1. I need the full set of residues from the range 47-90 which are touching a residue at least 24 places away in the same chain (Cβ under 8 Å) and farther than 22 Å from Gly147 by Cβ, in order please.
2. Just to be sure I understand, how many residues within the range 158-201 are part of a loop (DSSP other than H, G, I, E, B) and over 21 Å from Leu73 (Cβ atoms)?
3. Are any of the residues in the range 177-189 touching an Asp or Glu at 6+ places or on another chain (Cβ under 8 Å), under 27 Å from Glu262 (Cβ atoms) and without any contact (Cβ under 8 Å) to a residue 60 or more places away in the chain?
4. Return the residue satisfying two criteria in turn: it lies in the range 153-197 and is more than 19 Å from Asp84 (Cα to Cα) and among the aliphatic types (A, V, I, L, M), and of such residues it is surrounded by the fewest Cβ atoms within 10 Å (Cβ to Cβ).
5. Among the numbered conditions (1) of a type in the set (S, T, N, Q); (2) crowded, with 19+ Cβ neighbours inside 10 Å; (3) modelled with pLDDT under 95, tell me where Ser270 comes up short.
6. Would you please list the contacts, defined by Cβ atoms under 8 Å and residues six or more apart or on different chains, that run from a residue in the range 1-24 that is free of Cβ contacts under 8 Å to residues at least 60 places away in the same chain to a residue that is part of a helix (DSSP H, G or I) and among the basic types (Lys, Arg)?
7. Which one is nearest to Asp20 (Cα to Cα) among residues in the range 112-138 that are open to solvent by 50 Å² or more (accessible area, probe 1.4 Å) and among the hydrophobic types (A, V, I, L, M, F, W, C)?
8. Which one of these is in contact with an Asp or Glu (Cβ under 7 Å, 6 or more places away or on another chain) and at pLDDT 95 or above: Val194, Val124, Val136, Val152?
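The values are calculated or read from the model by the stated rules, or taken from the named source; none is laboratory data. Because the structure is a prediction, the values reported are computed rather than measured. A quick note on method: Cβ atoms are made from the backbone with ideal geometry, for glycine too, and the neighbour counts reach across all protein chains shown. These area figures cover heavy atoms from the full protein model, side chains too; ligands, DNA and RNA do not enter into them. Shrake-Rupley method; radii C 1.70, N 1.55, O 1.52, S 1.80 Å.
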Amino acid sequence: MDLKRYLEEKKAFIDKVLVDYLPEEPPFGRRLYDAVKYSLTVGGKRLRPILCLAGCEVVGGEQKDALPVAVALEMIHTYSLVHDDLPAMDNDTLRRGHPTTWKNFNEATAILAGDALLNRAFEVLSECSLDSDLKVKVISEIGRAAGMLGMVLGQQCDMEAEGRKDVSLKELEFIHRHKTGALITASVVSGGIVGRGSKEEIEALRNYGQLIGYAFQIIDDVLDVVGDESKIGKNVGSDIKKGKITFVTFYGIEGAKKKAEEAVTRAVKSLEIFEEEKREPLERIACFIVEREY
């Protein structure tokens, strides 16, 4: 399997339909629409929607059934980035190789654009053609991962830990299990739900998602130290400037890479219940996470 080609094809497919899921441009307040469209279309790996599609296919489902869920996940992820970049939070000026939404528009419009994306995501989920039972399960899974028991909680804890020197490894893992790992896990699990995976298959996907989410954050911490800004598309060195404790703080660069590799190995092992051919995309995506350019 050619992973690069697979990711490029899936990304192109998602990019092509993303804007189709936005409402028509309003007669007034067009700046909000422009900010939402800008936030969604200025780049991104589309990892979460790709994981959703792959999670659906690995349990025997069809990609078309998971597409609205994949789009909703990208909207939620994008909203989180728009808000994370705000001056009140991470105060970042570069995202996906472009000026952040608040920098390109203004802070108030960026807040509203994030709000609009989050709410539109749940509109898309509620209006999709899934059976009611599956729809409720998917909305519950994603809502929990995105909200005050998941990503939002993780962001709050991350802000509270900023500048503190007493952050323990346990606290750091809690932060990123919620801030980063929760939505990654929900992405692959929701795909499995749409594809009507068994209880055993869903749990395997959940374990996989949690482990690659952990690895993803570790590598993000490494890239913040040694990454090439032109390649990763965002400011580097921001964690150090903000006095953040990271996985690199605890393990060093090489030790952190090793921890990420160990998590990916376990993630791949959790996929052994699936047919070899069907699980290959998820296996390769897991490996890709730790092979991102430093």
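1. Initially, the range 47-90 is screened for residues touching a residue at least 24 places away in the same chain (Cβ under 8 Å), giving 47-62, 65-86, 89-90.
Matches in the range 47-90: Ile50, Leu53, Ala54, Cys56, Glu57, Val58, Val59, Gly60, Gly61, Glu62, Asp65, Leu67.
2. Filtering the range 158-201 down to residues part of a loop (DSSP other than H, G, I, E, B) leaves 162-168, 180, 195-198.
Restricting the remaining residues to those that are over 21 Å from Leu73 (Cβ atoms) gives 162-168, 198.
Qualifying residue count for the region: 8.
3. First, the residues of the range 177-189 that are touching an Asp or Glu at 6+ places or on another chain (Cβ under 8 Å): 179-180, 186, 189.
Next, only the ones that are under 27 Å from Glu262 (Cβ atoms) stay: 179-180, 186, 189.
Then keep just the ones that are without any contact (Cβ under 8 Å) to a residue 60 or more places away in the chain; that gives 179-180.
Yes, there is a match, as at least one residue in the range 177-189 is touching an Asp or Glu at 6+ places or on another chain (Cβ under 8 Å), under 27 Å from Glu262 (Cβ atoms) and without any contact (Cβ under 8 Å) to a residue 60 or more places away in the chain.
4. Leu169
5. Unmet for Ser270, out of (1) of a type in the set (S, T, N, Q); (2) crowded, with 19+ Cβ neighbours inside 10 Å; (3) modelled with pLDDT under 95: (3).
6. Val19/Lys37
7. Phe122
8. On the way: Val124 fails: in contact with an Asp or Glu (Cβ under 7 Å, 6 or more places away or on another chain); Val136 fails: in contact with an Asp or Glu (Cβ under 7 Å, 6 or more places away or on another chain); Val152 fails: in contact with an Asp or Glu (Cβ under 7 Å, 6 or more places away or on another chain).
After ruling out the rest, the residue left standing is Val194.
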